[in-house]
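Participant: The structure under discussion is supplied below as structure tokens; questions concerning it will follow.
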Amino acid sequence: MSPPVAPPGWSRWLVPPAALSVHLSIGQAYAWSVFKPPLESALGLSGTQSALPFQLGIVMLGLSAAFGGTLVERNGPRWAMTVALVCFSSGFLISALGAATEQYWLIVLGYGFVGGIGLGIGYISPVSTLIKWFPDRPGMATGIAIMGFGGGALIASPWSTQMLKSFGSDSSGIALAFLVHGLAYAVFMSLGVLLVRVPRGEKPAASGPSALDGVQVSARNAVRTPQFWCLWLVLCMNVTAGIGILEKAAPMITDFFADTSTPVSASAAAGFVALLSAANMAGRIGWSSTSDLIGRKNIYRVYLGVGALMYALIAWFGDSSKPLFILCALVILSFYGGGFATVPAYLKDLFGTYQVGAIHGRLLTAWSTAGVLGPLIVNWIADRQEEAGKHGSSLYGTSFLIMIGLLAVGFVANELVRPVHARHHIPAPREAADDDSVQPQQSA
């Protein structure tokens, strides 16, 4: 499937909506916590077990993005969006069969493995194209699209909650909800497949810098640099801290205030998930656009440093004030989303645009690691604390302190980022060249 080239006069502002149609769909992953309590009740699962489809989905997101990044660069965004559509929708259909037959392994296979491949390919599908359309504002451009991934749960959370109320929260009701998700997202994602275009030539904008100006590093060379691995650590730590709250958001806020005079209902907990999604979405466009003004390193100092402070406030005072808990969680999730939206522009600054999509795909293995690490820390510690007879906010204190330490590690890694050495640069990059055929330019 050859990538469609924009005709003369094509507006570059039509490309972000195409990306949004895919990212809003696959962003449903952030509403997984709505399905956790019904699945635990219907299939007799623990909190750690019910997190497995989400965890595997994030693992497959990173792995498919890493291994498929070069294919996305070579085949173009329409091919990538089509693959994402098929895998993501099929994952829901397989999960529907699993819920209907009460075979939990089918839900893990469908939502986690097959759907996770759709997550990864769909996530990176528009990144390189957007940066080439908007070389003058890369943070804003990627923020607009990746905003959709963060905002997907803003739609999916209340929608899924209402379906579970209408269809029932038993295994058959969950199966029907999965089925509707799979069919609806297939239709919506097809809009992006039909609309997306790639720019003609190297200067899609009427004015401004060329997409291929400046330092250029191939994907193969990028993974050999310390800058890549510093950014890997930065992304992994920031994602672990955010996903630790996000994956368990609904039961977490319920537990925190279960022993107070103002307990949180299931519908209010779903509303909290939607609020987190809004913060996640707003952070992706707001903070990434800010990074165009103050620089990528400075904005990550905010994400990691202030994020650690927010976790400290929740750990020490969160159970005494519902507004404080919600506010701190919203800030953390805005940084979480901002980190995702800013990292493609950070990569562009360091490695250029030549194979930024493939480099981005490889970097997303950090998300795979964090997708296991964050939920595992929070769920495993909460399960052990519950077995020890603890309840309420005591289930999460230790895991929050761990998150503070991880954010500190990320802060240090960000400080170590420096410009890429000239020995990793490549001469006169060619759009059609495969990264395995490019040799590094030796410095004098």
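The values are calculated or read from the model by the stated rules, or taken from the named source; none is laboratory data. In this text, all values refer to a predicted model and were calculated from it rather than measured experimentally. Counting neighbours? That spans all protein chains shown, and the Cβs are built from the backbone with ideal geometry, glycine included. All accessible areas refer to the heavy atoms of the entire protein, side chains included, with ligands and DNA or RNA removed. Shrake-Rupley method; radii C 1.70, N 1.55, O 1.52, S 1.80 Å.
Participant: Going by the structure shown, is Ala358 assigned to a helix (DSSP H, G or I), in the same structural domain as Leu407 (by TED's automatic domain parsing), open to solvent by less than 10 Å² (accessible area, probe 1.4 Å) and aliphatic (A, V, I, L, M)?
Facilitator: So Ala358 passes the test.
The rows are residues; the columns are (1) farther than 22 Å from Lys132 by Cβ; (2) outside the structural domain of Val127 (by TED's automatic domain parsing); (3) at pLDDT 90 or above; (4) not hydroxyl-bearing (Ser, Thr, Tyr).
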| residue | (1), (2), (3), (4) |
| --- | --- |
| Ser160 | yes, no, yes, no |
| Phe167 | yes, no, yes, yes |
| Ser172 | yes, no, yes, no |
| Phe178 | yes, no, yes, yes |
| Val196 | no, no, no, yes |
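Participant: Among the numbered criteria (1) at pLDDT 85 or above; (2) open to solvent by 30 Å² or more (accessible area, probe 1.4 Å); (3) hydrophobic (A, V, I, L, M, F, W, C), which one does Val372 miss?
Facilitator: (1)
Conditions (1) within 22 Å of Glu415 (Cβ to Cβ); (2) in contact (Cβ under 8 Å) with a residue 60 or more places away in the chain; (3) among the aromatic types (Phe, Trp, Tyr); (4) in contact with a Phe, Trp or Tyr (Cβ under 8 Å, 6 or more places away or on another chain), marked per residue:
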{"position": "Ile294", "(1), (2), (3), (4)": "yes, no, no, no"}
{"position": "Val302", "(1), (2), (3), (4)": "yes, no, no, yes"}
{"position": "Val306", "(1), (2), (3), (4)": "yes, no, no, yes"}
{"position": "Tyr311", "(1), (2), (3), (4)": "yes, yes, yes, yes"}
{"position": "Ile314", "(1), (2), (3), (4)": "no, yes, no, yes"}
{"position": "Gly318", "(1), (2), (3), (4)": "no, yes, no, yes"}
{"position": "Lys322", "(1), (2), (3), (4)": "no, yes, no, yes"}
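Participant: Next question. Let me confirm something: among Ala100, Ala141, Ala80, Ala84, which residue is farther than 17 Å from Leu195 by Cβ and out of contact with any strand residue (DSSP E or B) (no Cβ under 8 Å at 6 or more places or on another chain)?
Facilitator: The conditions single out Ala100.
Participant: For the range 294-313, give me each residue that is in contact with a Leu (Cβ under 8 Å, 6 or more places away or on another chain) and surrounded by 24 or more Cβ atoms within 10 Å (Cβ to Cβ).
Facilitator: Leu304, Gly307, Tyr311
Participant: Take Gln55 and decide whether it is at negative phi and surrounded by fewer than 20 Cβ atoms within 10 Å (Cβ to Cβ).
Facilitator: So Gln55 fails the test.
Participant: Could you run through the range 97-107 and say how many residues are in a helix (DSSP H, G or I) and either open to solvent by 10 Å² or more (accessible area, probe 1.4 Å) or not assigned by TED's automatic domain parsing to the domain that holds Gln55 (or both)?
Facilitator: So the count comes out to 6.
Participant: Looking at Ile144, is it closer than 12 Å to His23 by Cβ and open to solvent by 10 Å² or more (accessible area, probe 1.4 Å)?
Facilitator: So Ile144 passes the test.
Participant: Would you be able to tell me the number of residues in the range 257-278 that are farther than 18 Å from Cys328 by Cβ and either among the small types (Gly, Ala, Ser) or not in a loop (DSSP other than H, G, I, E, B) (or both)?
Facilitator: The number of residues fulfilling the criteria is 6.
Participant: Another question, then. If you check Thr254, Thr240, which single one turns out to be crowded, with 22+ Cβ neighbours inside 10 Å and assigned to a helix (DSSP H, G or I)?
Facilitator: Only one candidate qualifies: Thr240.
Participant: Let me ask another. From (1) surrounded by fewer than 24 Cβ atoms within 10 Å (Cβ to Cβ); (2) in a helix (DSSP H, G or I), pick out the condition that doesn't hold for Gly110.
Facilitator: With (1) surrounded by fewer than 24 Cβ atoms within 10 Å (Cβ to Cβ); (2) in a helix (DSSP H, G or I) applied to Gly110, the lone miss is (1).
Participant: Take the residues in the range 379-405 that are under 12 Å from Gly47 (Cα atoms) and free of Cβ contacts under 8 Å to residues at least 60 places away in the same chain; name whichever of them is least open to solvent (accessible area, probe 1.4 Å).
Facilitator: Looking at the filtered set, the residue picked out is Ile381.
Participant: So Ser291 fits all but one of (1) under 20 Å from the mean Cα position of the chain (by Cα); (2) farther than 21 Å from Leu246 by Cα; (3) open to solvent by 10 Å² or more (accessible area, probe 1.4 Å); (4) at pLDDT below 95; what number is the exception?
Facilitator: Ser291 satisfies every listed condition except (3).
Participant: Name the helices (runs of 4 or more DSSP H) wholly within the range 1-79 that hold at least 1 residues that are under 14 Å from the mean Cα position of the chain (by Cα) and either farther than 28 Å from Ala370 by Cβ or of a type in the set (Ser, Thr, Tyr) (or both)?
Facilitator: 15-26, 52-75
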